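Taking it in order: structure first as structure tokens, then the write-up.
The values are calculated or read from the model by the stated rules, or taken from the named source; none is laboratory data. Since this is a predicted model, take the numbers as computed values, not measurements. Don't worry about glycine lacking a Cβ; one is built from the backbone with ideal geometry, like all the others, and counts go over all protein chains shown.
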Amino acid sequence: MTPTMTPSRRPARRETAKVDAVLLAAADQARTALSEVAEPGTVGAHTGMDMLGERLAIHWFECTSPGYHGWRWGVSVTRVPRAKVATVCETNLLPGAEAILAPEWLPYADRLAPGDLGPGDVLPKRTDDPYLEAGFEATGEEDVDQLAFFELGLGRPRVLSAEGREAAATRWYAGDNGPTSEVAVKASAPCATCGYLLPMAGALRAVFGVCANEWSPSDGRVVSLDHGCGAHSETDVEAPEPTPIGEPIVDEFAVELEVLDRAVEPSASTEPAASAEPEEPTDLDTADGSDERD
């Protein structure tokens, strides 16, 4: 009994282009072509050749330019059938696996981030802004229009849409003035019970307000009702009393002596004068010192 042969189920190998000896020997020709387009001194060592197809290959060279770390020069070469000479097709400077690439270009309007707008900067108008919708439209009746303007506070061409309010509320609630910030987590009471909270008007009133406490780090900012800080109007803490200090003691009878060291140098003026003869008494004086007039 002859055994049956089971066909192999291994995946078929993908055929690769055979290395072309003529193209492989064209490395110097490819380097010469690069010298005509590359800056001097930026073409490094030859790193190999890849076959792109039948009689078509590309030679790779290191790029030594300081601004193109990880890039490499590529020179594609080919030959016609039965030819013994290669022909240069094109030269390229291409990024490698470790290349430093510039970030993807974005339009000016999409490049700005929150907080980038400075004095004098103007953003382009977005006519299709999903966060805005058409505002109140006048009906033509003066009394009705005035009442709507007064009660709704509108009169603007566009107002926040439901999507715009949701986006703003999500951003505020997850930010520094929401319930998850460090100052709110350590607070002993929420903003909802603080006397300095100014409720907001409109649909966001149920979640947010404005802080009006100058001692709070959130003064003048929108805060969530479950936010909090240490400047809550109803919280209290024991104020530390200063340690009493006794009256200063002044000793009025103590005397402090200060010794001054003054060295006196001898000089001509301090030398004793030469001995002089005693003066003779005048006729008014006697030898014993009495006065004859007495």
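Going by what's in this entry, would GLY155 be described as more than 12 Å from ASP226 (Cα to Cα), touching a helix residue (DSSP H, G or I) at 6+ places or on another chain (Cβ under 7 Å) and either surrounded by 13 or more Cβ atoms within 10 Å (Cβ to Cβ) or at pLDDT below 90 (or both)? Walk me through it before giving the result.
On the way: more than 12 Å from ASP226 (Cα to Cα): yes; touching a helix residue (DSSP H, G or I) at 6+ places or on another chain (Cβ under 7 Å): yes; either surrounded by 13 or more Cβ atoms within 10 Å (Cβ to Cβ) or at pLDDT below 90 (or both): yes.
It is true that GLY155 is more than 12 Å from ASP226 (Cα to Cα), touching a helix residue (DSSP H, G or I) at 6+ places or on another chain (Cβ under 7 Å) and either surrounded by 13 or more Cβ atoms within 10 Å (Cβ to Cβ) or at pLDDT below 90 (or both).
What strands (runs of 3 or more DSSP E) lie completely within the stretch 21-133 and have 3 or more residues being surrounded by fewer than 16 Cβ atoms within 10 Å (Cβ to Cβ) and not small (Gly, Ala, Ser)? So that I can check it myself, show each step before the final result.
Numbers: elements: 43-53, 56-63, 71-78, 87-95.
The strands (runs of 3 or more DSSP E) meeting that bar are 43-53, 87-95.
Given the criterion at pLDDT 90 or above and not charged (D, E, K, R), identify the matching residue among THR4, THR78. Even if it seems obvious, please write down each step before you answer.
Numbers: THR4 fails: at pLDDT 90 or above.
The match here is THR78.
For the stretch 222-241, give me the residue count where each residue is surrounded by fewer than 15 Cβ atoms within 10 Å (Cβ to Cβ) and at pLDDT 90 or above.
Number of matching residues: 0.
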